[in-house]
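Comments concern the structure below.
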Amino acid sequence: MVKGLFTSWTGMANEQKRLDVITNNLANAATTGYKKDGVTNQSFRNLLTYKVKDMSENYTDKQIGKMSLGVKIGEVYTNYDQGSFRSTGNTFDFAIQGKGFFNVSTTDKNGNEVVKYTRDGSFTMDQSGKLVDVNGNTLMGEGGEITIPDNTANVKVDENGGIYADGVFVDKIKLTDFTDYSYLKKQGDSFYLAQDGATQLDSTAKIQQGYTEQSNVNVVAEMTSMIAITRAYEANQKVIQTIDGTLDLAANSVGKV
C-alpha cells in the first residue's frame, strides 16, 4: 500500500515536468524560429517479486510477477518540423524553406568566437553594415561575417542565399544542416550549439527574403495537452489521498480491535 504512495508521487512529478515543458512552448508560441519541446516517459526498472520459503512450492524461490516502481521522464526532445511563414516585407528578414540553420557569430564571456545555429531570420543592418539579430549576433556568409558595403544600397537575396547590393554580388548566406539533430543543444529560445560528435552537412534549403518562419507550436494542441496533464495530476493526487485515508483507518481504527 505504501508503494502506491511512491508510484503516485512519481506520476505527479512526471506530470509537473510535462506541464513545465508545455507552458514554455506556449510562452514561445509567437517567438520567431522557435521549435517546440516534447517529453517522453518511461517506467522505472521492474521489481521482481519472489516466493521465499514457501512450503507449497517445496521451499523453492519462485518468481510470481513484476511490480512497476512508477514513471520517470525519459528525455526532453525538440521537434524540428518547419513552422509557417509570415510575410514582413522587411529587406533583412529571411526564412529557410527546407532543412538547415543560419550561422550567427558571437563571443563568449572569455572573448572567444562562438558559432550558433538558428532558424530565426530576423536581422537588421548596424552602423558598420553588418547584418545582426536582436541579440547582436552577426549573420555569417560563405566568406565570413556579412557586411553590406553601402548602407544605402538596394539589397536583394536570391533563393540560394546570394546577396546583391545594387546588383553587385556581396556574399552568400551560409546555411548548415546536421546528420543527427540530437547532437544540437538548445540555448535560449531559438539558438543551438553543436556538441561533440555533430556531423555537418551543406544545406540544400532555399531562402525567401521578406519572410520569417514562425514557431511550430500548435496552441490548441498544447492547451488540450495541458488539460489532460492537469487531470492526470489530480488523479494521482486523489490516489494519495485515498491511500492516506486507508492508512489512517488501519492505524487508528483497525489497530484498536
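Computed quantities for the displayed model
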{"quantity": "Restricting region 190-242 to residues that are acidic (Asp, Glu) and closer than 30 Å to residue 89 by Cβ, the residue that is modelled with the lowest pLDDT", "calculated": "202"}
{"quantity": "Subset of region 224-245 (residues that are surrounded by fewer than 13 Cβ atoms within 10 Å (Cβ to Cβ) and in contact (Cβ under 8 Å) with a residue 40 or more places away in the chain)", "calculated": "230, 244"}
{"quantity": "Residue 214 vs. criteria in contact (Cβ under 8 Å) with a residue 40 or more places away in the chain and under 30 Å from residue 103 (Cα atoms)", "calculated": "yes"}
{"quantity": "Pick from region 69-115, criterion at pLDDT 90 or above and within 16 Å of the chain's Cα centre (by Cα), ranking: surrounded by the fewest Cβ atoms within 10 Å (Cβ to Cβ)", "calculated": "81"}
{"quantity": "Flag for residue 80 being hydroxyl-bearing (Ser, Thr, Tyr), closer than 25 Å to residue 200 by Cβ and part of a loop (DSSP other than H, G, I, E, B)", "calculated": "yes"}
{"quantity": "Options 233, 192: the member that is aromatic (Phe, Trp, Tyr) and assigned by TED's automatic domain parsing to the domain that holds residue 30", "calculated": "233"}
{"quantity": "Residue in region 116-124 that is of a type outside the set (A, V, I, L, M), surrounded by fewer than 21 Cβ atoms within 10 Å (Cβ to Cβ) and outside any loop (DSSP other than H, G, I, E, B) present", "calculated": "yes"}
{"quantity": "Strands (runs of 3 or more DSSP E) wholly inside region 148-188 containing at least 1 residues that are hydrophobic (A, V, I, L, M, F, W, C) and over 25 Å from residue 99 (Cβ atoms)", "calculated": "155-157, 162-165, 168-172"}
{"quantity": "Subset of region 189-219 [part of a strand (DSSP E or B) and under 15 Å from the mean Cα position of the chain (by Cα)]", "calculated": "191, 192, 193, 194"}
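Yes/no per residue for (1) of a type outside the set (Val, Ile, Thr); (2) in a helix (DSSP H, G or I); (3) modelled with pLDDT of 85 or more; (4) surrounded by 17 or more Cβ atoms within 10 Å (Cβ to Cβ):
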{"site": "4", "(1), (2), (3), (4)": "yes, yes, no, no"}
{"site": "10", "(1), (2), (3), (4)": "no, yes, no, yes"}
{"site": "17", "(1), (2), (3), (4)": "yes, yes, yes, no"}
{"site": "29", "(1), (2), (3), (4)": "yes, no, yes, no"}
{"site": "34", "(1), (2), (3), (4)": "yes, no, yes, yes"}
{"site": "42", "(1), (2), (3), (4)": "yes, no, no, no"}
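The values are calculated or read from the model by the stated rules, or taken from the named source; none is laboratory data. Only a predicted model underlies this, so the values are computations on that prediction, with no experimental measurement involved. As a convention, Cβ positions derive from the backbone with ideal geometry for all residues, glycine included, and neighbour counts pool all protein chains shown.
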